[in-house]
Amino acid sequence: MGDSYELVLTMDLRADLGDDELAELRWHVGQGPRPERLPIGTGDYLAAYPLGDPDDPDCEWETVDPEPVFARRFPAMRVGGALVAELVERKQAQGWALTVRQELHPWEET
């Protein structure tokens, strides 16, 4: 169990989130398809691999497709409980509530 970590995230988000931002958050928590545009920055952290000589200025690069970060839903393997993620609208407080519980393993890429 020492190599597994529990990640618990709870956030209250502003009501003025844009449609693109909400679409990306919904995708990350498994509530919708991957949007064309990823404004939160997901695309900025993807691994890229050269398809030739990386020193060649005309070298093309291949980028792996992004994965949703919090879409896993099943019993946690090492930290107990369940892996969950929810994004819900807060009607009275006006905004959004994001709650995530996932487990992380240092040897896995997420």
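Here are some notes:
- P(r), alpha carbons of the chain - 5 Å bins starting at zero, rounded %: 2, 11, 16, 18, 17, 14, 10, 6, 5, 2, 0, 0
- Based on C-alpha pairs under 8 angstrom that are at least 6 apart in sequence, region 32-110 has a relative contact order of 18 percent.
- Inter-label distance for CYS59 and ARG26, nm, one decimal - labels placed 7 Å from Cα along Cα-to-Cβ: 4.0
- Packing-based order for 21-34, 92-105, using average beta carbon neighbours within 10 Å, highest first: 21-34, 92-105
Taken together, the values in this text are just the output of simple stated rules run on the coordinates, not laboratory data. Given the structure is predicted, the values throughout are model-derived calculations rather than measurements. Here Cβ is always computed from backbone atoms with ideal geometry, including for glycine, and neighbour counts include all displayed protein chains.
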